[in-house]
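Values in this text are rule-based calculations from the coordinates and carry no lab data. Bear in mind the structure is a predicted one, so any value in this text is a computation, not a measurement. Here the Cβ positions follow ideal geometry from the backbone for every residue, glycine too, while neighbour counts run over all protein chains shown.
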Amino acid sequence: MDFSLSEEQQMLKDSVQRFVRDEYQLETRRKLVASDTGYSEKNWAKMADLGWLALSLPEDFGGIGGGPVDTMVLMEEFGRGLVVEPYMTSIVIGGGFLMAGGSTAQKTELLPKLGAGELKLAFAYAERQSRFDLTDVEFKAEASGDGYILSGHKGVVFHAASADKIIVSARTSGGSRDRSGITLFLVDNNCAGLSRRDYPTVDGLRASELEMDGVTVGADAVLGQVGGGAALMDEVVGQAIAAICAEAVGCMDVLQETTNEYLKTRVQFGVPLSKFQVLQHRMVDMFMECEQARSMCYMVNLKIAEEDKVEREKAVSAAKVQIGNSGRYVGQQSVQLHGGMGMTDELHVGHYFKRLTMIDTMFGNKDHHLKRYADL
């Protein structure tokens, strides 16, 4: 199979590489992470101007109509730069929900704004008891007149503070772990009854704890079918996992490359560290883990549009397991081979390892997905 990029995809890759080189030096990223928003609105506008925000959106609604492989190319380069703008939450996840479950009116109103950078979305799904189970939902949505009243808590909602609207999973019927009876709602971030506690995450992003007490929404706030949110989440979260696998590959590539370069230049006992055979073996192992992760990343992004739901979900879980294993090994070896310097905040190695650790836990860690794969 030919895995070479098309001319357009190579141009996209080159464009993102230039952006990362110009805008994402370590000190520049530090300043972005320490800012009030945690990212740059200027960078977000630049992404819109370059067409990246519209890349995966349909042409009928102002998008470019790109596929999963195009998103993979973009996310891999974002991983190399540790980009902190909310592309994953707004475009991959938020845009994915609108495309998969939005009504014609919702798509017409929101997708063009999303692609132009005028709208940001967040996804609230995690609850205190749910761990990695998307269908363990106790957040309530009770029918009231022509709309619904939402009440409950959602945790670790990435980029909620900067989002204009939040996609919330809520239970409209059934028990707390039933797949049926989950409905997705589009909720305005500034609505009455919503309170938010914002905080930084270990990898430099921003997240929030949300509490809703009697938030009222209309029937037009429903995404997809009432009670049919579980299938919609399976589809979109699968796309998100495929995208973060690509981001993880970008992170691992940087760690492997910089560690290899460090061993070639660091001299001990009069010779470079790269001359020691045991360290050569470690570098080979790191390279192999990077390549295995890349292969699984390619596989899941080629299969994510598979019509067979079981095959699609098996590909997602298999890739997530490999990314979790490879990310931990590459990160640990990179830190250790840099010696004491690898533990410092001043060196970028630790920042990449933190991001890989967070990617492992997003939407289920390797243990969760290994069990899921076996069940499938």
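Would you tally the net charge around Lys309, using a Cβ to Cβ cut-off of less than 14 Å, leaving Lys309 out, and scoring K and R as +1, D and E as -1? Provide the component values of the computation, followed by the final result.
Working: positive: Arg179, Lys303, Arg312, Lys314, Arg372; negative: Asp234, Glu235, Glu306, Glu307, Asp308, Glu311, Glu313, Asp375.
Net charge in that neighbourhood comes out at -3.
If you count the DSSP beta bridges with both ends in the chain, what percent of them are antiparallel, to the nearest 5?
85
With the Cα gyration tensor of segment 181-235 giving a ≥ b ≥ c as the square roots of its eigenvalues, does the rule (a/c under 1.5 for rounded; else a/b larger than b/c for prolate; else oblate) give rounded, prolate or oblate?
It is oblate, given that a/c is not under 1.5 and a/b is not larger than b/c.
Taking θ = phi - 60°, what integer Hz values does the Karplus form 6.51 cos²θ - 1.76 cosθ + 1.60 yield along segment 286-293, in sequence order, with x for Gly and Pro?
Values per residue, Gly and Pro as x: 4, 4, 4, 5, 4, 6, 5, 4 Hz.
What is the set of long-range amide H partners of Ala124 at a cut-off below 5 Å, with H atoms built 1.01 Å from backbone N?
Answer set, sorted by chain and number: Ile167, Val168, Ser169.
Determine the calculated [θ] at 222 nm for the chain from helices alone, applying -39500 (n - 2.57) to every DSSP H run no shorter than 4 residues and normalising by the residue count; nearest 500 deg cm²/dmol.
-16500 deg cm²/dmol
With a sphere of radius 10 Å drawn around the Cβ of Leu263, what net charge do the other residues whose Cβ falls strictly inside it have (Lys, Arg +1; Asp, Glu -1)? Mind showing how you got there, number by number?
Numbers: positive: Lys264, Arg266, Lys275, Arg282; negative: Glu261.
Charge balance in the 10 Å sphere: +3.
Could you pull out every residue, at least 5 positions away or on a different chain, whose amide H is within less than 5 Å of the one on Asp164? Hs are placed 1.01 Å off N in the peptide plane, and Pro or chain starts have none.
Close amide H contacts, sequence-distant or interchain: Lys120, Leu121.
In whole Hz and in residue order, list the ³J(HN,Hα) couplings for segment 46-54 that follow from phi through the Karplus curve 6.51 cos²θ - 1.76 cosθ + 1.60, θ = phi - 60°; x for Gly and Pro.
5, 4, 5, 4, 7, x, 5, 5, 9
Among the aspartates and glutamates, select those whose C-alpha is under 19 Å from the C-alpha of Lys107, and discard any that sit fewer than 8 residues away in the same chain.
Result set, ordered by chain and number: Glu59, Asp60, Glu118, Asp164, Asp188, Asp220, Glu235.
Checking the a/c ratio against 1.5 first, then a/b against b/c, what shape does the Cα gyration tensor give for segment 122-227?
Since a/c reaches 1.5 but b/c is at least a/b, the shape of segment 122-227 is classed as oblate.
Can you classify segment 49-145 as rounded, prolate or oblate using the Cα gyration tensor, where a ≥ b ≥ c are the square roots of its eigenvalues, rounded means a/c under 1.5, and otherwise it's prolate if a/b beats b/c and oblate if not?
Since a/c reaches 1.5 but b/c is at least a/b, the shape of segment 49-145 is classed as oblate.
Say a site is exposed when it is one of the chymotrypsin sites (Phe, Trp or Tyr not before Pro), sits in a DSSP loop, and has at most 14 other Cβ atoms within 10 Å; what is then the longest site-free stretch of the chain?
4-268
Show the residues, 5+ positions off or on another chain, whose built amide H is closer than 5 Å to the amide H of Thr216.
Leu150
Through the Karplus equation 6.51 cos²θ - 1.76 cosθ + 1.60, θ set to phi - 60°, convert the phi angles of segment 16-32 into ³J(HN,Hα) values in whole Hz; use x for Gly and Pro.
Rounded to whole hertz, the list is 5, 4, 5, 4, 5, 5, 7, 10, 10, 5, 4, 5, 5, 5, 4, 5, 5.
For Asp198, what charge total do you get from the other residues with a beta carbon under 15 Å from its beta carbon, if Lys and Arg give +1 and Asp and Glu give -1?
+2
When the Cα centres of segment 29-51 and segment 78-117 are compared, how far apart do they sit, in Å?
Taking the Cα centre of each part, segment 29-51 and segment 78-117 sit 16 Å apart.
Quick one: work out the % antiparallel among DSSP beta bridges in segment 122-227, nearest 5. Each step should come with its number before you reach the end.
Numbers: 32 of 36 bridges.
Once the DSSP bridges in segment 122-227 are tallied, antiparallel ones form about 90 percent.
Can you give the three extents of the C-alpha atoms in segment 230-375 along their principal axes, from longest to shortest, in whole Å?
60, 27, 21
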